[in-house]
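Heads up: the structure comes next, in structure tokens.
Just so you know, all these numbers are worked out from the coordinates, no wet-lab data involved. Because the structure is a prediction, the values reported are computed rather than measured. We place every Cβ from the backbone using ideal geometry, glycine too, and count neighbours over all the protein chains shown.
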Amino acid sequence: MKKFIFMAICLASVSCSFKGDQSGGDTGGGTTASTSELKIDPNGDSDNDGAKDGEELSRGSNPFVADLPELKVKFLQNYKIEVFYHQKDSDPIQNQKSFVINTDVKDTNPDFKFRVGDIFARNHALKTAASFARFPAHSKGVFEDHDLSWVSYPELDPKFFHEQAIRYREVFNDQNVIDDIKITLSNQVKLNESPFFKEFKKLKLNFYFLNRETENYEILSSVVVDRHFQRGIYETFEVVIEHAPVGLLKESFFKRGEFIISEVDDYEIPALSTNYKTLLASVKSKTIPVLFETPLEEKTLYVATGDKGGVRFQDILKAAFDKNYEVQEDSLLKIGQFQNNLPEFTYLSEIADKDKLGRWFVMTNEFKDHYLDHLYTPSDRMVLAYNVGSELATQKMENFYSYDKSLTSNKSEIILPLGVASATAKVDIQIKPINRFGTRIENEKIHWETPSSCGKNCIPKPMTCDWDVNKFYSYNDPFSLSTDLLGEGEKLSLVIDGDEFQLSNLLKEKKAILYKVDGNVHLVIKDLKKIKEIKPFEEANISLKLKAYAGNDFFGIKLVGVAGDWRGLGGCPFNTPAVAETRGTHISKDTLELGEISWLVNDLANRGYPYRFQLLDSGPYYQEISLGVSSTIENYYN
């Protein structure tokens with residue numbers, strides 16, 4: 001594909017100024033005046049949209065901006081993914097398994113977004129503006145031809161993404177064969193209101209995905225929707241993509257939260273007895289595409305470039321916006337109601353709360369001369385974007401993903417690297433409790449005194465015996481994590497450059513937020529600086545640490561106290577094996593009178609006593625948990 005190298009111009013150098021006026025003249029210094037002004041030729045077609053300039057004037061349209069049908073294509077939030085697979089070396093029909101991811105978000109859900117999806121060029125313009133927002137010089141960015149037409153499904157909601165990754169990612173392993181992947185999408189298209197286009201028909205859509213192995217976009221499917229679409233109405237239709245590639249889910253969906261891209265390829269325009277591709281090719285031959293972005297609208301204008309070697313920036317503004325713009329000191333200050341009012345800043349985090357204050361950014365393809373002096377031709381490209389502070393401050397620079405299907409501490413501790421974080425990073429960690437296992441001890445204290453009477457012909461032996469019992473057993477149980485992460489959750493810590501911070505304390509101190517996602521817990525950390533200082537333009541290594549509980553104790557029963565006539569037949573040592581048997585345990589080597597008790601145990605064994613006593617050493621025991629973990633670190637431009 002042909003690539004265009006763009007430069008983002010956030011201009012603050014000193015020069016001349018001008019404002020748009022009804023005659024197209026300039027105010028301020030004369031060096032910015034256009035030398036190649038657009039002129040109306042009643043018999044010509046300046047924008048090559050099929051309507052002569054004179055005709056456009058008489059009907060009230062702009063002869064220098066092409067009249068094209070304006071389609072808005074959006075994904076609906078609901079979609080369904082069906083995956084069919086079987087275990088390797090098994091029968092693919094009899095042993096086939098499947099799972100379904102169905103967002104099934106109803107419009108009564110507060111998280112429901114009725115239409116989602118953004119045009120590629122908008123996202124690219126925001127990222128480029130964020131990366132150079134505080135610099136007065138220009139910068140370069142890379143655009144593709146499709147940037148003005150492709151619409152991407154937004155990155156998945158982190159809570160949903162991590163839940164699905166933990167639940168289904170392991171299906172895509174070497175032990176399984178994926179038989180088929182089927183994706184059902186809901187789409188909406190609207191023909192914006194226009195006096196010139198009442199309808200279109202036979203809409204052809206292309207769907208793409210980014211192949212992460214080749215780093216190329218590949219087509220998934222082409223679909224023709226054979227119906228008439230009326231202006232001003234969102235038309236909804238379903239698209240089914242059969243036999244989707246495994247990489248779409250394995251590498252894009254489950255690892256990066258990326259999904260699908262759509263493109264309007266073509267459609268028929270009954271009003272002009274032609275099709276969109278033909279009309280667009282004609283228009284492109286005599287115009288420059290200008291993507292116009294504000295918080296209120298998004299549209300691509302095709303502005304005439306004239307017949308004398310091109311037009312200047314001011315001519316484009318005049319043709320597109322008449323007098324409603326302002327350029328001063330080589331900077332675009334205003335178009336319409338949107339004007340530069342974003343305060344000066346050093347770091348983007350300083351303007352993260354400015355959701356109504358913004359700045360204009362101009363993006364063009366690379367050329368040597370100043371952007372106000374350049375003569376623009378149909379080979380050039382331009383983006384005019386008004387970006388508010390909150391948008392600029394949340395543009396993602398890079399993303400780190402970490403995953404472990406079954407994290408356990410192996411009787412010690414384990415550290416799972418999550419990635420590298422900047423001072424403004426956002427961290428999402430979802431944890432699925434799988435099971436808890438190890439050795440559990442139940443303690444009992446036994447105090448026994450000889451009764452004052454034992455009946456006729458019986459003389460009680462006055463004595464007191466005290467035993468300490470640690471009854472132990474292995475366990476392996478499912479469990480859940482509490483919303484305060486106390487109990488089992490106290491085994492978890494966040495590690496920032498070697499310093500540990502217990503997750504339960506971060507919640508208590510309101511430095512992290514916890515959400516319940518079915519049986520999982522999802523942690524969000526929006527400001528790492530509240531936990532540990534990270535200076536601007538520095539990075540920190542982030543990890544998740546899981547510790548085992550390690551104890552050291554005796555096992556079984558031990559005699560710990562004696563008084564009175566406790567020796568010999570019927571005494572405290574003599575009765576210790578009997579007490580162990582009643583408790584279903586054995587005898588600790590830490591007991592008092594170990595020698596006498598050992599002799600009794602051996603004697604009982606030699607005489608065939610059915611209960612086989614053991615003498616147990618004291619030592620360590622462990623209590624552990626096993627977790628599924630999926631996490632992302634999003635680093636934003638500083």
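The table below lists the values:
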{"read-out": "Separation of alpha-carbon centers, the range 236-270 and the range 527-594, rounded to whole Å", "value": "57"}
{"read-out": "Relative contact order (%) - criterion: Cα under 8 Å, at least six apart; region: the range 499-618", "value": "20"}
{"read-out": "In order through the range 383-393: 3J(HN,Hα) via Karplus (6.51 cos²θ - 1.76 cosθ + 1.60), integer Hz, x for Gly, Pro", "value": "10, 10, 10, 9, 10, 7, x, 5, 5, 4, 6"}
{"read-out": "Exceeding the 26 Å Cα-Cα cut-off - candidates 508/545; 97/547; 396/529", "value": "97/547"}
{"read-out": "Label point distance in nm, residue 274-residue 99, each placed 7 Å from Cα along Cα→Cβ", "value": "5.1"}
{"read-out": "Rg ratio (alpha-carbon, reference 2.2 N^0.38 Å) - the range 404-520", "value": "1.83"}
{"read-out": "222 nm mean residue ellipticity, helices alone, for the chain (DSSP H n ≥ 4; -39,500 (n - 2.57); rounded to 500)", "value": "-3500 deg cm²/dmol"}
{"read-out": "Square roots of 5 times each gyration tensor eigenvalue, C-alpha, the range 326-373, largest first, Å", "value": "24, 14, 9"}
{"read-out": "Theoretical gain in end-to-end length, residue 605 to residue 211 [0.36 nm per residue, Cα-Cα removed]", "value": "134.7 nm"}
{"read-out": "Two-decimal Rg/Rh across the range 331-488, once Rg and the Kirkwood Rh are taken from alpha-carbon atoms", "value": "1.46"}
{"read-out": "The chain: relative contact order as a whole-number percent, Cα under 8 Å and 6+ apart", "value": "15"}
{"read-out": "Rounded to 10°, Cα long-axis angle of helix 572-582 versus longest principal axis of the chain", "value": "50"}
{"read-out": "Proximal aspartates and glutamates to residue 190, defined as alpha-carbon separation beneath 16 angstrom and excluding residues fewer than eight positions away on the same chain", "value": "70, 118, 199, 226, 235, 238, 263, 265, 266, 268, 297, 298"}
{"read-out": "C-alpha long axis of helix 594-606 to longest principal axis of the chain, angle in °", "value": "80"}
{"read-out": "Size of electric dipole in the chain: Cβ of Lys, Arg +1 and of Asp, Glu -1, about Cα centre, debye, nearest 20", "value": "1160"}
{"read-out": "Nonlocal amide H pairs with residue 221, under 5 Å, H built at 1.01 Å", "value": "207"}
{"read-out": "Compactness index (Cα Rg / 2.2 N^0.38 Å), the range 510-638", "value": "1.97"}
{"read-out": "Net length gained if the chain between residue 517 and residue 234 were fully extended (0.36 nm per residue, minus Cα distance)", "value": "98.6 nm"}
{"read-out": "Degrees separating the helix 120-131 axis from the principal Cα axis of the chain, which is the longest one", "value": "70"}
{"read-out": "Per DSSP, loop GluC sites (Glu not before Pro) in the range 535-638 with at most 14 further Cβ within 10 Å", "value": "538"}
{"read-out": "In range of the label at residue 475: residues from the range 550-574 whose backbone nitrogen is under 20 Å from the point 7 Å along Cα→Cβ", "value": "550-557"}
{"read-out": "Neighbour count of at most 11 Cβ within 10 Å plus DSSP loop: longest trypsin sites (Lys or Arg not before Pro)-free window in the chain", "value": "107-355"}
{"read-out": "Sequence-distant aspartates and glutamates (8 or more away, or on other chains) whose Cα lies within less than 18 Å of residue 88", "value": "170, 174, 179, 180"}
{"read-out": "Cα-based shape type of the range 376-440, given that a ≥ b ≥ c are square roots of the gyration tensor eigenvalues and the cut on a/c is 1.5", "value": "prolate"}
{"read-out": "Relative contact order of the range 280-410, defined on C-alpha pairs under 8 angstrom at six or more residues apart (%)", "value": "30"}
{"read-out": "Anchor residue 52: lysines whose Cα lies under 19 Å away (excluding residues fewer than 8 positions away in-chain)", "value": "39, 284, 286, 308"}
{"read-out": "Under-5 Å amide H pairs with residue 274, H placed in peptide plane, nonlocal only", "value": "269"}
